[in-house]
Amino acid sequence: MPQHIKRLIGAFAVVIILFLLLQTILRPTSFGKIGHYRADAIQENKMKELHYAGSDKCTKCHEEMKTDKEVGFHATLQCEACHGPGLKHAMYADKFKDGKLPDSLMLHKPGSRKECVICHQLNAARVKIVFDTINNSMIKQIDPMKHNLVDKRNFAKLVCIECHNPHQP
Amino acid sequence: MNLNKPNFSRRDFFKAGSIIVGGITVATALTPFDGLLFATEPPKGKGKWYGIGIDINKCIGCGNCAKACKLENNVPKDPFYFRSWVEQYTIKNDGSVLVESPNGGIDGFKQSVPDEEIFKSFFVPKMCNHCAKSPCVQVCPVGATFETPEGIVLVDENYCIGCRYCVQACPYGCRFINPEKGTAEKCTLCIHRLDKGQQPACFEMCPTEARIFGDLNDPGSKINYFLKNHTCMVIKPNLNTGSKLFYNALSPEVR
């Protein structure tokens, strides 16, 4: 074999060995276990913090709300959809069983025109066969500027939950 | 080499033959590396293979899914970072299409077109399609985005270099760069909730059960029931992304 070919083979071998060495050092240990990615990343994604508790946790303490809500139009509406994420509220509920929870852990109580109207505003996109699984009826819609409006200046003061029970509308 | 010449010699025959046979052998030997060509493996029928169903007929555009997603996953509050959002499509009598999504639908929708001019109008909730042949996975230069064996497309935050290739590659616009971390972010199908036996936040909070989610490999799952009973379609089927987000009553105007 000619001299220059031998040298070339040697040079290639050095580069390949260096590459493999660097790869073993730099590559994360779990990379390539399942596919072309770090297998540990799945676990890291699973470790993230939860915020929503789920209605089962809510009804553990607030049983009366469950029985209230079950028969109404809002049966399929989850508690946390209106009240906001409540996992912390549920987690600390046991610790403050006798007294009341501190204000920072209390959940939001909606009921103003702004909030109810998010779902119930009259909208052509909403007028269609939207069946409630229990009552088989269309969603009720209002025009907030016309519905029960005595005085336009009092708009902000008019609160939906004064007439409608949000848990059993 | 000209095979048509009259005196096709034995040497020529062996040359042509060895090229064909050799080519086939090399191609066969490379099949284990198909993964490099298609980025992901097709489902094998073992374990879970998650799919999503959305019933447009049932969506009332309350934006609870978008709100829940933001709060559950600490998505930046600005109105242009969304992992899940709702769009209001309004098709006018003249055929023009108007798409609106003020703050992703979190604060509710208002119809800007007077009723007389509307031909039809509907809401389309959007989120990551968790494609089986994801374009975003294929373009990632470092292997920071991938598809889990359950069919969930995830981002490895610690490995992402923030090159934005995937943001451009996603045909559904489901990715963004987190302004604080500088890395790509997207729907994780709330894998942290699935791990604890909970439903993803957007499915949990949907008041009309317009969102269905389940294991496509399980014949008795909710999603399979949904697919059997509805005429479902994915968005942009022509792109062959292997989307696993199936819409019922999807209009061709939706893109």
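Observations
- Whichever residue in the range B:160-169 is in contact (Cβ under 8 Å) with a residue 24 or more places away in the chain and touching a Ser or Thr at 6+ places or on another chain (Cβ under 8 Å) and, among such residues, is surrounded by the most Cβ atoms within 10 Å (Cβ to Cβ): B:Cys166
- Filter pass, B:Pro102 being touching a Cys at 6+ places or on another chain (Cβ under 8 Å), more than 10 Å from every other protein chain (Cβ to nearest Cβ), within 25 Å of B:Asn248 (Cα to Cα) and not polar (S, T, N, Q): no
- Any hit, the range B:116-123, residues being of a type in the set (Phe, Trp, Tyr) and without any contact (Cβ under 8 Å) to a residue 24 or more places away in the chain: no
- Candidate set: the range B:107-145, residues that are among the small types (Gly, Ala, Ser) and at negative phi; chosen: the one nearest to the other protein chains (Cβ to nearest Cβ): B:Ser121
- Consider the range B:176-235 and keep the residues that are more than 18 Å from the chain's Cα centre (by Cα), within 13 Å of chain A (Cβ to nearest Cβ) and of a type in the set (S, T, N, Q). The one that is farthest from B:Leu250 (Cα to Cα) is B:Thr183.
- The listed residue being closer than 24 Å to A:Glu162 by Cα, β-branched (Val, Ile, Thr), out of contact with any helix residue (DSSP H, G or I) (no Cβ under 9 Å at 6 or more places or on another chain) and modelled with pLDDT under 90, out of A:Val71, A:Val117: A:Val71
- Test: B:Ala169 is of a type in the set (Gly, Ala, Ser) and facing another protein chain (nearest Cβ under 8 Å): no
Residue by residue, here is whether (1) assigned to a loop (DSSP other than H, G, I, E, B); (2) at pLDDT 90 or above; (3) within 23 Å of B:Ser243 (Cβ to Cβ) holds:
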{"position": "B:Ser18", "(1), (2), (3)": "no, yes, no"}
{"position": "B:Val21", "(1), (2), (3)": "no, yes, no"}
{"position": "B:Thr25", "(1), (2), (3)": "no, yes, no"}
{"position": "B:Glu41", "(1), (2), (3)": "yes, no, yes"}
{"position": "B:Gly47", "(1), (2), (3)": "yes, no, yes"}
{"position": "B:Ala66", "(1), (2), (3)": "no, yes, yes"}
{"position": "B:Leu71", "(1), (2), (3)": "no, yes, no"}
{"position": "B:Asp78", "(1), (2), (3)": "yes, no, no"}
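- For the range A:39-67, a tally of residues being assigned to a helix (DSSP H, G or I), out of contact with any strand residue (DSSP E or B) (no Cβ under 7 Å at 6 or more places or on another chain) and under 27 Å from B:Ile106 (Cα atoms) returns 8.
- Restricting attention to the range A:10-32 and to residues that are surrounded by 11 or more Cβ atoms within 10 Å (Cβ to Cβ) and out of contact with any helix residue (DSSP H, G or I) (no Cβ under 8 Å at 6 or more places or on another chain), the residue that is modelled with the lowest pLDDT turns out to be A:Gly32.
- Members of the range B:136-159 found to be farther than 24 Å from B:Asp215 by Cβ and surrounded by fewer than 22 Cβ atoms within 10 Å (Cβ to Cβ), listed by number: B:Gln138, B:Val139, B:Pro141, B:Val142, B:Gly143, B:Glu157, B:Asn158, B:Tyr159
- Number of positions in the range B:96-120 that are surrounded by 16 or more Cβ atoms within 10 Å (Cβ to Cβ), of a type in the set (S, T, N, Q) and modelled with pLDDT of 90 or more: 2
- Entry remark, the range A:105-119: residues being touching a strand residue (DSSP E or B) at 6+ places or on another chain (Cβ under 6 Å) and crowded, with 17+ Cβ neighbours inside 10 Å number 0 in total.
- Flag if A:Lys95 is part of a loop (DSSP other than H, G, I, E, B), among the charged types (D, E, K, R) and surrounded by fewer than 15 Cβ atoms within 10 Å (Cβ to Cβ): yes
- Residue list for the range B:232-255, restricted to those being assigned to a loop (DSSP other than H, G, I, E, B) and under 21 Å from B:Gln88 (Cα atoms): B:Val234, B:Ile235, B:Lys236, B:Ala249, B:Leu250, B:Ser251, B:Pro252, B:Glu253, B:Val254, B:Arg255
- Restricting the range A:47-66 to residues that are surrounded by fewer than 16 Cβ atoms within 10 Å (Cβ to Cβ) and at the interface with chain B (Cβ under 9 Å from one of its Cβ atoms), the residue that is nearest to B:Cys140 (Cα to Cα) is A:Met47.
The values are calculated or read from the model by the stated rules, or taken from the named source; none is laboratory data. Being a predicted model, the structure only gives us computed values, none of them experimental. For neighbour counting, all protein chains shown are included, and Cβ atoms are generated from backbone atoms with ideal geometry for every residue, glycine included.
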